[in-house]
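Enquirer: Just passing along the structure, written as structure tokens.
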Amino acid sequence: MIQNRKDDHINYALEQEKSENSFDDMELIHQSIPKYNLDEIDISTSFANNYFEVPFFINAMTGGSERAKSINQKLAKIADKCGLLFITGSYSAALKNPDDNSYKIIKEENEHIKLATNIGIDKNYTAGQKAIKDLKPLFLQIHVNLMQELLMPEGSRNFNEWENNLKEFVKNIKNTPLVLKEVGFGMTSDTIKKGIELGIKTFDISGRGGTSFAYIENRRNGNRFTYLNDWGQTTLASLLDIQEFTEKVEIIASGGVRNPLDIIKALILGAKGVGISGTMLEIVENYSIEEAIEIVNSWKMECKMIMCALNAKKISELKNVKYILYGKTKEFLENIRNKN
């Protein structure tokens, strides 16, 4: 049952057509007279108590089936060769099936990979401890996926323990950083405030615009609730809504990131790192591992090129970049400002 569900997620994620992307509502202001040489640009970053040479990473996707294992093997090899952080999909499948090897094989085949993992907020903190013991990750993502659970026929219907579960994760897991992660529905300032109250210091706001788990679960259950396919806030809207927190906690952006320009836009709005899932899945499905490595390595140079054109020597300087907003994203920002 789990294997079929995981494979459904992969199939429908690849099938989904993305109609609009909030990153297209943001235009960056070009600088004609540069300050820096290209080789002076530094794209390194730090979050969750770890240093990374590259600001983007392969975000949580899959695990728990043979197909997921094959995808994880490819993604891990790309991450290892390119120096990227790689985050596994939810470790729950491995906890339910002791014979599952779709997660552990990542470290077995790539000894020095920068690895993190993921568990659902509906789980007891002991599930997180088990994931940490098995994989020894750099950090543990705790994902929140309310609308997905509601749309899943087999999903949870009990949510009032989530807040206490998060408290218990924070209380009982001290030596591994924790990241609270959405799954494509976006986070608002209210969620960030609550997370801070509960002890979370790093948030992946994962907004709408990329893989939609509302769409995926609707495809799985006969498209009964297609009117909810676009539920949640976009990645750009979420980033704009939480600007007051970008200096207080660490923000990671994900959701609909397609290329280095999207990566830089997210960093301009205060993200410390940028997670990529759907685009990476498409790359490993459509290209050989060697071609994928070439694409990812090119992305690192392209990030430097864009920063050079914006007169930003390092990521912290991107906050000074001027930009213009258009369309629905501009309307969203105007509305939240009026309400405040």
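The values are calculated or read from the model by the stated rules, or taken from the named source; none is laboratory data. No experiment lies behind these values; they were computed from the predicted model shown. We place every Cβ from the backbone using ideal geometry, glycine too, and count neighbours over all the protein chains shown. Side chains are part of the model used for accessible areas, which takes the heavy atoms of the whole protein and leaves out ligands, DNA and RNA. Shrake-Rupley method; radii C 1.70, N 1.55, O 1.52, S 1.80 Å.
Enquirer: Are any residues in segment 248-297 in a helix (DSSP H, G or I), aliphatic (A, V, I, L, M) and crowded, with 24+ Cβ neighbours inside 10 Å, and if so, which ones?
Expert: Hits for segment 248-297 are Ile263, Ile264, Ala266, Leu267, Met280.
Enquirer: Also: Could you grab me the full set of residues in segment 75-113 that are in a loop (DSSP other than H, G, I, E, B) and touching a Ser or Thr at 6+ places or on another chain (Cβ under 9 Å)?
Expert: Tyr91, Asp100, Ser102, Tyr103
Enquirer: Could we say that Asn37 is under 22 Å from Glu247 (Cα atoms) and loosely packed, with under 14 Cβ neighbours inside 10 Å here?
Expert: No.
Enquirer: Here is a further query. May I ask you to say which residue of Ile33, Ile43, Ile87 is of a type in the set (A, V, I, L, M) and in contact with a Cys (Cβ under 8 Å, 6 or more places away or on another chain)?
Expert: Ile43
Enquirer: On to the next question. Does segment 298-310 contain any residue that is without any contact (Cβ under 8 Å) to a residue 60 or more places away in the chain, in a helix (DSSP H, G or I), open to solvent by 50 Å² or more (accessible area, probe 1.4 Å) and of a type in the set (A, V, I, L, M, F, W, C)?
Expert: yes
Enquirer: So which residues in segment 181-226 are buried (at least 24 other Cβ atoms within 10 Å of the Cβ), within 19 Å of Thr246 (Cβ to Cβ) and of a type in the set (D, E, K, R)?
Expert: Across segment 181-226, the qualifying residues are Lys181, Glu182, Asp204.
Enquirer: A further question on this structure: Which residue pairs have Cβ atoms closer than 8 Å, lie 6 or more positions apart in sequence or on different chains, and pair a first residue in segment 15-33 that is of a type in the set (Gly, Ala, Ser) with a second residue that is open to solvent by 80 Å² or more (accessible area, probe 1.4 Å)?
Expert: Note: pairs meeting the criteria are Ser22/Lys328.
Enquirer: Okay, moving on. Can you give me the number of residues within segment 51-63 that are under 16 Å from the mean Cα position of the chain (by Cα) and closer than 21 Å to Glu247 by Cβ?
Expert: Selection size over segment 51-63: 2.
Enquirer: Additional query: Evaluate the following for Lys77: is it touching a residue at least 24 places away in the same chain (Cβ under 8 Å), closer than 21 Å to Met301 by Cα and of a type in the set (Lys, Arg)?
Expert: Considered against the rule, which asks whether it is touching a residue at least 24 places away in the same chain (Cβ under 8 Å), closer than 21 Å to Met301 by Cα and of a type in the set (Lys, Arg), Lys77 comes out as yes.
Enquirer: Sticking with this structure for a sec: Considering each residue of segment 114-137, count those that are outside any helix (DSSP H, G or I) and surrounded by fewer than 18 Cβ atoms within 10 Å (Cβ to Cβ), and give that number.
Expert: 2
Enquirer: Could you check how many residues of segment 289-340 are of a type in the set (Val, Ile, Thr) and at pLDDT below 95?
Expert: 1
Enquirer: Something else now. If Ser316 satisfies all but one of (1) under 19 Å from Leu38 (Cβ atoms); (2) touching a residue at least 40 places away in the same chain (Cβ under 8 Å); (3) surrounded by fewer than 15 Cβ atoms within 10 Å (Cβ to Cβ); (4) not charged (D, E, K, R), what's the number of the condition it fails?
Expert: Going through the list (1) under 19 Å from Leu38 (Cβ atoms); (2) touching a residue at least 40 places away in the same chain (Cβ under 8 Å); (3) surrounded by fewer than 15 Cβ atoms within 10 Å (Cβ to Cβ); (4) not charged (D, E, K, R), Ser316 breaks only (2).
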